[in-house]
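Have a look at the structure below, then the notes.
The values are calculated or read from the model by the stated rules, or taken from the named source; none is laboratory data. Only a predicted model underlies this, so the values are computations on that prediction, with no experimental measurement involved. Positions of Cβ are backbone-derived with ideal geometry, glycine not excepted, and every protein chain shown enters the neighbour counts. Note: accessible area is taken over every heavy atom of the protein model, side chains too, but ligands, DNA and RNA are not part of it. Shrake-Rupley method; radii C 1.70, N 1.55, O 1.52, S 1.80 Å.
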Amino acid sequence: MSNKSHHHEPGHPTVGHVSPLPQLFMVFGALVALTILTVALSGKLPGASGMMIAMGIATVKALLVALYFMHLRYDRPFNGYIFLAGILFVAVFFGFASLDTATYRRDILPYEADKLGAAGGSEEAMYEEPRKAYQNAHQGKSLHTSEAGEEQPAAESEDAGAAAH
Amino acid sequence: MSSTGQTVKSILTSPVHPEVNYLNATKGFASWFFTLDHKRIGIMYMCSILTAFFLGGVFAMLIRTELFTPGQLMFTSDQYNRVFTLHGAIMVFLVLIPGIPAALGNFVLPLMLGAKDVAFPRLNLLSYHLYVIGLVMALLVLGLGGIDTGWTFYTPYSIQTQTPVVLITSAAFILGFSSIFTGLNFIVTIHKMRPPSMTWFKMPLLLWALYSTALIQIVATPVLGITLLLLIVERVMHIGIFNPALGGDPVLFQHFFWFYSHPAVYIMILPAMGVISELVSTFSRKHIFGYRFIAYSSIAIAIFSFIVWGHHMFTSGQSNLMNMVFSALTFSVSIPSAVKMFNWLTTMYKGSINLATPMIYTLSFMFIFAIAGLTGLPLATLATDIHLHDTYFVVAHFHYTMMGSTLFAFVAGIHYWWPKMTGRMYNQKVARFAAWLVSIGFNVTFFSQFPLGSLGMPRRYHLYEAMPDWQIYHQISTIGAYMQMIGFLLAAYALISSLSKGKLAPRNPWGGATLEWETSTPPITFNFEDTPDAGDPYDVESWQWSDEEGGYVKVRPSVVDEDHAE
Amino acid sequence: MSHHDHPSHVHHHFENEVQQFDSDKMGMWLFLVTEIMIFAGLFCAYIIYRTHNPEIFHYGHQFLDKQLGALNTLILLTSSLTMAWGVRAAQLSQKKTLLTMLALTMLCAFGFLIIKYFEYSAKIHHGTLYGDRYVWQTDEHGGEHGASGDEAHSMAEAVADAQAVSEDAMAAEAAGGTSTMNASMAVPSSQFALAPEGPSGFDLNAPEEQKEAAAHSFPQPAKAHLFFSIYFIMTGLHGIHVVIGIICIFTIFVFSARGAYNSTYYTPVDLVGLYWHLVDLIWIYLFPLLYLVD
């Protein structure tokens, strides 16, 4: 199979970039390796650094997908700018919203402390009311019991699927 | 309109009134409702939007009538809540946001580019169909008794109320996608379908404005989509993210909501500014002043619009830090807005001003927009906003921006392109009288609300019996509202009666130099017989008045004048 | 405009196929930006709850199966490879390869959904559902409360700590004259200052061994149900995108079986490919954010 995409052979497209197969496989290999790496690292690194590294690996993977699978590296640059502009606005959105919630957080803590006090110091009781209301509305049966009763096979296959608990 | 007395000869050879145009090329309901022609889609959008405007207007009149007396006149408080919510939701989501881009933009944008259509005609039709679905859903909500949350759907009340919030938010969600598809279409069309001779800085300013608008539509509207989706999920599945009873954060909803809804204000005003930039040059018979500044200020406003949303939340429990940051950033928006005002005024300076109907709306726009901008400053100032927040001062301010500015530009645009759209001239005397009535009525209605607000009248209140002093302001406001109503009905009469009684419109009745005036009246289905050459879009001297034609004729190719060479 | 070199797949309003292809591609990229902004809302909610209530993530992620998540990641990556290969096949007019690749992509997508189904039914089985449908796990974890008391603060302890800290803080504020308006407007209980890790914070600075030991035993935080709300809404919306993807891929599968695509016209394959890669791209972030919280 010919991979010389830049020659105009018959059967080659007049528009767009053809990715050579070895390149696709190499990118895929890198993506799989990074996935294994991030799983292997999880829980091994202290505190916030684990999260940072996991996000870093995810970003490298995302870049590989965007540049090679999505052809951004060979596409018109403007399409890449569109993508980057999108990311920039996401950053603005995250930045301002989390800056604000981070600073008004101190105003909420007293409210939550009062709520905890009212619940007799029990965290379980703090948000119990809506859950009780829901369960009462379903004749005292939780979704848990009703679903498990009806869908026995599902529960079994879930065990087979090595669910955590 | 001055006559030179001599006969002026047109350099355009295509017929002015061809036998077959886009209106009569095909017939029947399906040929309209499933058309891919951007002009027909634009016309259908305009009719639907004006229908929604009529509906929203009826609610506005009901509100103003109810407030004529301090006590209860027609509605219970609960009914009143529903009426003002429907007024707001219909006007925002069904009239102002799609108004100029979807109706006028769809009609004019490809014509201004000298293109045959927008880049994705099917997507354009889909966008219209989504709009119709949204409109029908809004009507359904109306049939179910309306909703009482206010158009902002703030949590936690919107989670608790028994009114059909899910239906109206689904409608807004669908309308959001209608808006996204229009924006997407416009960006691609402007990028890829300009004729080779039209560089970025030879584009008419309306296109710059629509481009900036489309940018906001693409980036901000999806956030509204996810916000409303989360609200729907919250109501249906009780996930608790916005619900304090489940440990959720209701202020987060406001962040999400305003991340869209503040830029949405610019989705409304930016295309309005674009329309005004076109009209002010045409009716002053003068090249636009400071082309590049107007173009760049559109982009600047679009970008600024994303970093000021928190000024809607000064009293919502937003942190002091962010209050200060958002307040400071909000002031910066006034710079590009003032740049535009300065350039429009300077364009008019020493121009030969033609007070045709569209120009009257344009002048009102400039007067009103100045007040709108200046009253925004005390609202952006934290200390004064604590007093003015959620009072009629805010109501007056945003009606000055959203109605007085956006809607006036929309109406101005309709009057400007009407002859091109329909091929008929409307009665100038009636339309001009209507324009004055609407303009004066508007100021009577809303100027009285500034003192009312600073006296302390809160918005969304039904009764004000404890404060008899406020009644006079409410009464003045209501009288103004009736003046506007008569004015709008009169304008509608002038336009609609022109369809049967109006005289045949010339190719170019106003003397605009943009490409849409070079095609026939009304345009043929594929817009132009030959792709026109784009010169300077504000070289108004290239068109001269001709008594014989009853309009302007093109006497020479438009060239980039050395004085205005960029 | 000249009509002599206007192939049938080029619409009348485009000059040539390059203009049409570029327009279509740009339109798709703009659409992808709207998709990113839609998910941005959810990621924003994630970040904010993660910052303020890290304990619910440390608690809740134990109920997710890391292996299944990783397997699903690999399945989606494989489907991305086959999709990219499919686009290449369409560009080179290799109809058979194209059909095979599209079929494999759909197979992977179904595999992803089946695994997701097992994961969801595990949640239903355990009652670890969103919002008010969350069943409190007292029986399974409540008994271990005492054992974990050293490592993780309960909220009552956090409040007590905060009280002590805030008295200092208040004194400092009063001395500096920087008392904020919010503080003065707050109810008397505003003696509570910011607890460093949220109300019942999981001590991130504890030694590693202690953390390991505590991982399955620290008490259930008050807002645990919100983790599952976020989990379900994020994976749910992503799942909907996978379903839409399957529909799109199936559509182009049918068209390519009829021979609609070749090296002169393959735009729909390319665009669906872009969409599918974005779905993969979002999962690349969802996986570590939800499954690999430690």
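I need a count of the residues in the stretch B:54-78 that are in contact (Cβ under 8 Å) with a residue 12 or more places away in the chain and outside any loop (DSSP other than H, G, I, E, B).
Within the stretch B:54-78, residues that are in contact (Cβ under 8 Å) with a residue 12 or more places away in the chain and outside any loop (DSSP other than H, G, I, E, B) number 13.
So, of the residues in the stretch A:14-44 that are more than 8 Å from chain C (Cβ to nearest Cβ) and either among the charged types (D, E, K, R) or assigned to a loop (DSSP other than H, G, I, E, B) (or both), which turns out to be most open to solvent (accessible area, probe 1.4 Å)?
A:Lys44
With the structure loaded, tell me whether C:Thr51 is in a helix (DSSP H, G or I), more than 10 Å from chain B (Cβ to nearest Cβ) and either within 18 Å of A:Ala62 (Cα to Cα) or modelled with pLDDT of 95 or more (or both) or whether it fails that test.
On the way: in a helix (DSSP H, G or I): yes; more than 10 Å from chain B (Cβ to nearest Cβ): yes; either within 18 Å of A:Ala62 (Cα to Cα) or modelled with pLDDT of 95 or more (or both): no.
Spelling it out, it is not the case that C:Thr51 is in a helix (DSSP H, G or I), more than 10 Å from chain B (Cβ to nearest Cβ) and either within 18 Å of A:Ala62 (Cα to Cα) or modelled with pLDDT of 95 or more (or both).
Scan the stretch C:8-31 residue by residue and report those that are closer than 21 Å to C:Leu237 by Cβ and within 7 Å of another protein chain (Cβ to nearest Cβ).
Within the stretch C:8-31, C:Trp29, C:Leu30, C:Phe31 meet the criteria.
Here is a check on your reading of the model: is B:Glu278 acidic (Asp, Glu) and within 26 Å of B:Ile360 (Cα to Cα)? I'd like the intermediate steps shown before the answer.
On the way: acidic (Asp, Glu): yes; within 26 Å of B:Ile360 (Cα to Cα): yes.
Here the answer is yes, as B:Glu278 does meet what is asked.
Condition first: crowded, with 21+ Cβ neighbours inside 10 Å, modelled with pLDDT under 85 and either within 14 Å of chain B (Cβ to nearest Cβ) or under 21 Å from C:Leu281 (Cα atoms) (or both). Can you find one or more residues in the stretch C:243-254 that meet it?
No, the stretch C:243-254 contains no residue that is crowded, with 21+ Cβ neighbours inside 10 Å, modelled with pLDDT under 85 and either within 14 Å of chain B (Cβ to nearest Cβ) or under 21 Å from C:Leu281 (Cα atoms) (or both).
Could you please give the count of residues in the stretch B:175-214 that are away from chain C (no Cβ under 14 Å), of a type in the set (A, V, I, L, M, F, W, C) and open to solvent by 10 Å² or more (accessible area, probe 1.4 Å)?
Matching residues across the stretch B:175-214 total 4.
Would you pick out the residues in the stretch B:434-461 that are among the basic types (Lys, Arg) and either part of a helix (DSSP H, G or I) or in contact with a strand residue (DSSP E or B) (Cβ under 8 Å, 6 or more places away or on another chain) (or both)?
Within the stretch B:434-461, B:Arg459 is the sole residue that qualifies.
In this structure, does A:Ala48 turn out to be touching a Ser or Thr at 6+ places or on another chain (Cβ under 6 Å) and of a type in the set (A, V, I, L, M, F, W, C)?
Answer is no for this residue.
Against the definition (aromatic (Phe, Trp, Tyr) and over 21 Å from the mean Cα position of the chain (by Cα)), how does B:Phe120 come out, yes or no? Spell out how you get there, then give the answer.
Numbers: aromatic (Phe, Trp, Tyr): yes; over 21 Å from the mean Cα position of the chain (by Cα): yes.
Yes, satisfied.
Please find, within the stretch C:258-283, the residue that is least open to solvent (accessible area, probe 1.4 Å) out of those that are in a helix (DSSP H, G or I) and without any contact (Cβ under 8 Å) to a residue 24 or more places away in the chain. Steps first, answer last, please.
First pass over the stretch C:258-283, keeping only residues in a helix (DSSP H, G or I): C:267-283.
Then drop every residue that is not without any contact (Cβ under 8 Å) to a residue 24 or more places away in the chain, which leaves C:268, C:281.
Details: C:Pro268: 34, C:Leu281: 17 Å².
Ranking the candidates gives C:Leu281 first.
In the stretch B:129-158, which residues are β-branched (Val, Ile, Thr) and either open to solvent by less than 30 Å² (accessible area, probe 1.4 Å) or under 30 Å from B:Tyr211 (Cβ atoms) (or both)?
Correct list: B:Val132, B:Ile133, B:Val141, B:Ile147, B:Thr149, B:Thr152, B:Thr155.
Do you know which of the residues in the stretch B:398-420 that are of a type in the set (Phe, Trp, Tyr) and out of contact with any Phe, Trp or Tyr (no Cβ under 8 Å at 6 or more places or on another chain) is most open to solvent (accessible area, probe 1.4 Å)?
B:Phe398
What helices (runs of 4 or more DSSP H) completely inside the stretch A:99-165 contain at least 1 residues that are at pLDDT below 50?
Numbers: elements: A:123-126, A:128-137, A:143-150, A:152-160.
Correct list: A:143-150, A:152-160.
Tell me which of these C:Lys116 doesn't satisfy, since it passes every other one: (1) assigned by TED's automatic domain parsing to the domain that holds C:Thr73; (2) at pLDDT below 80.
(2)
Here is a list: C:Gly41, C:Gly69, C:Gly27, C:Gly111. Which entry is within 17 Å of C:Thr267 (Cα to Cα) and of a type outside the set (A, V, I, L, M)?
Residue meeting the stated conditions: C:Gly27.
Test of understanding: among B:Ile174, B:Ile147, which residue is in a helix (DSSP H, G or I) and of a type outside the set (Asp, Glu)? Spell out how you get there, then give the answer.
Working: B:Ile147 fails: in a helix (DSSP H, G or I).
It is B:Ile174.
Looking at the stretch C:72-90, which of the residues that are of a type in the set (A, V, I, L, M) and touching an Asp or Glu at 6+ places or on another chain (Cβ under 9 Å) is nearest to A:Met26 (Cα to Cα)?
Checking each candidate, the answer is C:Leu77.
Looking at this structure, is B:Ala300 among the small types (Gly, Ala, Ser) and open to solvent by 10 Å² or more (accessible area, probe 1.4 Å)?
Yes: the conditions hold for B:Ala300.
Quick test for you: out of A:Ala125, A:Ala97, pick the one residue that is more than 7 Å from every other protein chain (Cβ to nearest Cβ), open to solvent by less than 50 Å² (accessible area, probe 1.4 Å) and of a type in the set (A, V, I, L, M).
A:Ala125 is the lone residue from the list that is more than 7 Å from every other protein chain (Cβ to nearest Cβ), open to solvent by less than 50 Å² (accessible area, probe 1.4 Å) and of a type in the set (A, V, I, L, M).
Keeping to the stretch C:217-242, report how many residues are within 9 Å of chain B (Cβ to nearest Cβ), part of a helix (DSSP H, G or I) and crowded, with 21+ Cβ neighbours inside 10 Å.
7
What is the one condition in (1) open to solvent by 20 Å² or more (accessible area, probe 1.4 Å); (2) of a type in the set (S, T, N, Q); (3) part of a loop (DSSP other than H, G, I, E, B) that B:Thr51 does not satisfy?
(3)
Looking at B:Thr346, is it surrounded by fewer than 18 Cβ atoms within 10 Å (Cβ to Cβ), polar (S, T, N, Q), out of contact with any Leu (no Cβ under 8 Å at 6 or more places or on another chain) and not in a helix (DSSP H, G or I)?
no
Would you point out which residue out of A:Val90, A:Val65, A:Val60 is more than 9 Å from chain C (Cβ to nearest Cβ) and either at pLDDT below 90 or in a helix (DSSP H, G or I) (or both)?
A:Val60
Any idea which residue in the stretch C:90-102 is surrounded by the fewest Cβ atoms within 10 Å (Cβ to Cβ), counting only those that are within 10 Å of chain A (Cβ to nearest Cβ) and free of Cβ contacts under 8 Å to residues at least 40 places away in the same chain?
Ranking the candidates gives C:Thr97 first.
Of the residues in the stretch B:494-522, how many are among the polar types (S, T, N, Q) and in a loop (DSSP other than H, G, I, E, B)?
Number of matching residues: 5.
Okay, residues lined up against (1) in contact with a helix residue (DSSP H, G or I) (Cβ under 9 Å, 6 or more places away or on another chain); (2) within 27 Å of B:Leu167 (Cα to Cα):
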| position | (1), (2) |
| --- | --- |
| B:Leu62 | yes, yes |
| B:Leu67 | yes, no |
| B:Ser77 | no, yes |
| B:Pro101 | yes, yes |
| B:Leu104 | yes, no |
| B:Met112 | yes, no |
| B:Leu123 | yes, yes |
| B:Leu130 | yes, yes |
| B:Phe153 | yes, yes |
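Please go through the stretch B:462-493 and give me each residue that is assigned to a loop (DSSP other than H, G, I, E, B) and surrounded by fewer than 16 Cβ atoms within 10 Å (Cβ to Cβ), ordered by number. Before the answer, list the steps.
Of the residues in the stretch B:462-493, the ones assigned to a loop (DSSP other than H, G, I, E, B) are B:462-467.
Hits for the stretch B:462-493 are B:Leu463, B:Glu465, B:Ala466, B:Met467.
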